1. Could you grab the pairs with beta carbons closer than 9 Å, sequence gap of 6+ or different chains, first residue in the stretch 187-200 and closer than 23 Å to Phe13 by Cα, second one aromatic (Phe, Trp, Tyr) and assigned to a loop (DSSP other than H, G, I, E, B)?
2. Could you check the stretch 171-186 and list, in sequence order, the residues that are touching a residue at least 60 places away in the same chain (Cβ under 8 Å) and in contact with a strand residue (DSSP E or B) (Cβ under 9 Å, 6 or more places away or on another chain)?
3. Using the structure shown, decide if Phe2 is out of contact with any Cys (no Cβ under 6 Å at 6 or more places or on another chain), aromatic (Phe, Trp, Tyr), farther than 20 Å from Pro130 by Cβ and touching a residue at least 60 places away in the same chain (Cβ under 8 Å).
4. Only one of Leu113, Leu137, Leu182, Leu143 is more than 25 Å from Val36 (Cβ to Cβ) and at pLDDT 95 or above. Can you tell me which?
5. How many residues, within the stretch 13-31, are touching a residue at least 40 places away in the same chain (Cβ under 8 Å) and open to solvent by less than 80 Å² (accessible area, probe 1.4 Å)?
6. Could you grab me the full set of residues in the stretch 185-218 that are closer than 22 Å to Asp175 by Cβ, modelled with pLDDT of 75 or more and open to solvent by less than 80 Å² (accessible area, probe 1.4 Å)?
7. Taking into account only those residues within the stretch 78-118 that are over 24 Å from Asp175 (Cα atoms) and charged (D, E, K, R), which is nearest to the chain's Cα centre (by Cα)?
8. Out of curiosity, is Asn46 under 16 Å from Asn153 (Cβ atoms), loosely packed, with under 14 Cβ neighbours inside 10 Å and not basic (Lys, Arg)?
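The values are calculated or read from the model by the stated rules, or taken from the named source; none is laboratory data. Quick caveat, the model's predicted, so the values are computed rather than measured. Quick reminder, even Gly has a Cβ in these numbers, built from the backbone with ideal geometry, and neighbours come from all protein chains shown. Please note that ligands, DNA and RNA were not included when accessible areas were found on the heavy atoms of the full protein model with its side chains. Shrake-Rupley method; radii C 1.70, N 1.55, O 1.52, S 1.80 Å.
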Amino acid sequence: MFIDDPRRHTLRFNPWKALVVPRPIGWVSTISRDGVPNLAPFSYFNGVGDFPPMVMFAPIGPKPDGDAKDSYTNAVETQEFVVNIATRELAERMNLTSEHLPPAADEFALAGLSAAPCRKVRAPRVAESPVSLECRLVTALRLPTDAPPIQNNIVIGEVIGIHLDERILTDGLVDIAKYRPLARLGYFDYACVEEGFAIARPDLNPTEVAAELGALMNTTRARD
């Protein structure tokens, strides 16, 4: 089977979003210039940098009223946002925050979540999430669209602070079985990551890599 255009096919549903999977979910909290918090999940999300660490999310819009997504508007106007990681335990409440609501609506209250203060940004974080990434805006891009008024937006931010619940750690490492991050599949399907396996690169010696990374991180701290 060859599909020339993902929107024109003979399958029951468009397969596009079911093919590039699993996708981590960026549960993005922002705050407006007027101080109104917002919380929304995005499955077009991932890490895109390491030195410095950066993440991206893609708020595809517009909302039913024709305005850009609140997450996009707030991130651009305030130059900051927070990415909270949704877990299996938070799946249902994450889904509640996906509803299209007026800008003044409080998604934290709607989903029964606690808005906790951050250290370096004004936007609140989800207290119940085991991982929250405080981010400073690097750039916001508007990609081409072939179906206006739909917008293809990308927001990229530098991670300037990490809130990490030590309960998901084992021997100083993130334990995926304790973390249980949520991932988006196709259609209305999700997955919970509960186990993993390791494969060492054939050209790397783990001991040498650890030593080199440690030296690099010490150099980075000295510069800071």
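1. Note: pairs meeting the criteria are Tyr187/Phe13.
2. Tyr179, Arg180, Pro181, Leu182, Ala183, Arg184, Leu185
3. On the way: out of contact with any Cys (no Cβ under 6 Å at 6 or more places or on another chain): yes; aromatic (Phe, Trp, Tyr): yes; farther than 20 Å from Pro130 by Cβ: yes; touching a residue at least 60 places away in the same chain (Cβ under 8 Å): no.
No; evaluated as a whole, the condition is false for this residue.
4. Leu182
5. The number of residues fulfilling the criteria is 12.
6. Ala191, Cys192, Val193, Gly196, Ala200
7. Glu80
8. Values: under 16 Å from Asn153 (Cβ atoms): yes; loosely packed, with under 14 Cβ neighbours inside 10 Å: yes; not basic (Lys, Arg): yes.
So Asn46 fits the description; yes.
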